[in-house]
Amino acid sequence: MTYSIIEIRGDHMDQKAIIANLLVELKRGTQTLAVLSLFKDKQYGYSLLQALEERDIPLEAGTLYPMLRRLETQGILTSEWDTEESRPRKFYSLSVFGQEAYLSLKEAYFKMHKDLMALLKEDTHE
Amino acid sequence: MNNLINRYVYDVTRRLKEEQRAEIDKELRAHIYDMLNGNESEENIKKVLTNLGSPAKLASNYKEPRYLIGPELFDDYVSVLKVVLIVFGVIALISSLVRILTPEGNVFEITSDVIFGSIVGSLFAAFGVTTLVFGILEYRHVKLRPEFKVESLPQIPKTPSKTNLRVETIIEMILSIVFGGLFIWVLLVNYVDLNINFDTVQFQYIGAVLNKDLMYIFVPLFAMFIVIDNIIRAFKLKQGGYSTKLLITYTVTEIMSALVFSLIFLQPNIVVPEYIDALKISTGNPNVLDSVMWVFRSIIIVIWIAVTVEQTILWYKKLNQKQ
């Protein structure tokens, strides 16, 4: 397969890179939802990474840690340091507001999923 | 090899705001040791840190994106920058050519001085002023976040023009600030060091040219007019053109400033008498004052013609637009 060069705003971008970018954008919105879904009980950064990986939803550590911090400043997550063990560890849990936010996101996602599936099934250009 | 972890955490936190650093430092260390999973060999540390990715990118994920000039203003910035750089470049080039063609010292010395001093210098100044103006616009824009209203959409011009109003207005602002500032600077310095040697006459004059008392009246007024002009331009930018009220204000300001200029520069004592005396001796012309005043009168006539033409065009456009 060959890729031609497309000019976008004077930059040269490979078609492969364009597709990769679109995929990143497609995934981005669902990442927060995926992370929030794992908060049945309190979690720490690495446990979330592992849980996501087990479910084949790999998220980069460099993306997850800042995301946890952002969710905390937004009041969706609360955190506490556990200093009982040999190394301090920061545990996060879902706040009441976070629970509410998660349920709204989940509901919206189900609807989106249903609508999109219907739309994609009727596509005629294979 | 804890040193690598320290260096990594430092490289991330040094890019963050002071008040976030301690907390993120602690957090990041905890995350890294979790990822190490008890295996603190150099190899594993390297693997984990590589997995976390570049510190610059990780730090940027912790921050909201910030812009000196954001995407909304960027296209206008580039258009203005092009014009301003061309204008400054051409002026610097012409003045440089004049200096090269009338050399007094070593030609190479002058050439390198001109290229590295005046042209590069003026291009950087042009770049700096434009960037500063847009930086301020961006800052104000981000702070104010003006709400979009359909009513404030610009009118479609009767005669389609290639340049857009915003670009045009910002160029006017930059040029007026720079050249107005230069003119004020020249008036404030108000000093010549002439040393002319003709075959028969030796002539030297060091000192002021223009009457200082008059300059102390004129310079503040002139500076005030530049400020008012640019406030009017800022309103023009905001409204997307001249409203009738704004155009009346602009016309009054322009006439006032032309009047002030005329009144000051037609004063018989505008030029320092000692300078006139020196000119009389050097030129051998006893009526040299008349010639000088004639130059001033010509400049004033040109200014009035320019003001009349500009105002006529603006009012013509304005009245046409209404119909």
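Per-residue HN-Hα couplings for segment B:51-67, Karplus 6.51 cos²θ - 1.76 cosθ + 1.60 at θ = phi - 60°, whole Hz, x for Gly and Pro?
4, 5, x, 5, x, 4, 5, 4, 4, 5, 5, 7, 10, 6, x, 10, 10
Add -39500 (n - 2.57) for each DSSP H run of 4 or more in the protein assembly as shown, then divide by its residues: what number comes out at 222 nm, to the nearest 500 deg cm²/dmol?
On the way: 16 runs with 304 residues, N = 449.
Theoretical 222 nm ellipticity from helices: -23000 deg cm²/dmol.
Given R₀ = 56 Å, FRET efficiency for B:Ile206-A:Ser47 by Cβ-Cβ distance, to 0.05? Present the calculation step by step, with values, prior to reporting the outcome.
On the way: r = 82 Å, r/R0 = 1.47.
That gives a FRET efficiency of 0.10.
Given a 1.4 Å probe and every protein chain left where it sits, what share in percent of the accessible area of segment A:73-120 is carbon and sulfur? Don't skip to the end; give the middle numbers.
Working: 2160 of 3540 Å².
That fraction is 61 percent.
Taking square-rooted eigenvalues a ≥ b ≥ c of the alpha carbon gyration tensor, is the protein assembly as shown rounded, prolate or oblate, where a/c under 1.5 means rounded and, failing that, a/b exceeding b/c means prolate? Working shown, then result.
Details: a/c = 2.95, a/b = 2.14, b/c = 1.38.
Note, shape of the protein assembly as shown comes out prolate.
How many Å² of accessible area per residue for the protein assembly as shown, probe 1.4 Å? Don't skip to the end; give the middle numbers.
On the way: 30090 Å² over 449 residues.
Accessible surface, normalised per residue, equals 67 Å².
Excluding ligands, DNA and RNA, what is the accessible area buried between chains B and A, summed over both sides, using a 1.4 Å probe, to the nearest 100 Å²?
Numbers: alone 21700 and 10050 Å², together 30090 Å².
That pair hides around 1700 Å² of surface in total.
My understanding is that a pair violates if its Cα-Cα distance is over 18 Å; which of A:Lys42/B:Lys17; A:Lys40/A:Lys106; B:Lys245/B:Lys317; A:Lys40/A:Lys90 do that in this structure? The partial results should precede the final answer.
On the way: A:Lys42/B:Lys17 28 Å; A:Lys40/A:Lys106 14 Å; B:Lys245/B:Lys317 15 Å; A:Lys40/A:Lys90 16 Å.
Where the Cα-Cα span goes over 18 Å, the pairs concerned are A:Lys42/B:Lys17.
Tell me, what ³J(HN,Hα) does each residue in segment A:37-44 have, in order and in whole Hz, if you take phi through Karplus 6.51 cos²θ - 1.76 cosθ + 1.60 with θ = phi - 60° and put x for Gly and Pro?
5, 8, 8, 5, 10, 5, 9, 10
Please list, in order along segment B:289-298, the HN-Hα scalar couplings obtained from phi with the Karplus expression 6.51 cos²θ - 1.76 cosθ + 1.60 (θ = phi - 60°), rounded to whole Hz, x for Gly and Pro.
With coefficients 6.51, -1.76 and 1.60, one gets 4, 4, 4, 4, 5, 5, 4, 4, 4, 4 Hz.
Please compute the length gained on full extension between B:Gln20 and B:Leu266, using 0.36 nm multiplied by the number of residues separating them and subtracting their Cα-Cα distance.
Working: separation 246, 0.36 × 246 = 88.56 nm, distance 6.40 nm.
Length gained between B:Gln20 and B:Leu266: 82.2 nm.
Amide H neighbours of A:Tyr44 under 5 Å, counting only residues 5+ apart in sequence or on other chains, H built in-plane at 1.01 Å?
Amide H neighbours of A:Tyr44: A:Tyr92.
Take every residue in peptide B:57-70, count the Cβ atoms of other chains within 10 Å of its Cβ, and give the average of those counts.
Average per residue, whole number: 2.
Kindly identify residues of segment A:60-75 having a loss of at least 40 Å² in accessible area between the isolated chain and the assembly of all protein chains, probe radius 1.4 Å.
Residues of segment A:60-75 that lose at least 40 Å² of accessible area once the other chains are added: A:Gly62, A:Tyr65, A:Pro66, A:Arg69.
Anything losing 50 Å² or more of accessible area from the isolated chain to the full protein assembly: pick those residues out of segment A:78-126, probe 1.4 Å, ligands and DNA/RNA ignored.
Residues losing area: A:Trp81, A:Arg87.
Provide the FRET efficiency to the nearest 0.05 for the B:Lys280-B:Val302 pair, computing r from the beta carbons and using R0 = 22 Å. Spell out each step's value before the answer.
Details: r = 27 Å, r/R0 = 1.21.
My answer for the efficiency is 0.25.
List every residue whose amide H lies under 5 Å from the amide H of B:Val272, counting only residues 5 or more places away in sequence or on a different chain, with H placed 1.01 Å from N in the peptide plane.
B:Leu210, B:Asn211
If you line up the long axis of helix B:2-13 against the longest principal axis of chain B, both from Cα atoms, how many degrees apart are they, to the nearest 10?
Relative to chain B, helix B:2-13 is tipped by roughly 40 degrees.
By the gyration tensor of its Cα atoms, with a ≥ b ≥ c the square roots of the eigenvalues, what is the shape of chain B: rounded for a/c under 1.5, prolate for a/b over b/c, or oblate?
Numbers: a/c = 3.23, a/b = 1.74, b/c = 1.85.
It is oblate, given that a/c is not under 1.5 and a/b is not larger than b/c.
Label-point separation (nm) for B:Val189 and A:Lys40, each offset 7 Å from Cα along Cα-to-Cβ?
It is 8.0 nm.
The values are calculated or read from the model by the stated rules, or taken from the named source; none is laboratory data. Predicted model, so just to flag it, every value in this text is computed and none were measured. Virtual Cβ from ideal backbone geometry, glycine too; neighbours counted across all protein chains shown. Please note that ligands, DNA and RNA were not included when accessible areas were found on the heavy atoms of the full protein model with its side chains. Shrake-Rupley method; radii C 1.70, N 1.55, O 1.52, S 1.80 Å.
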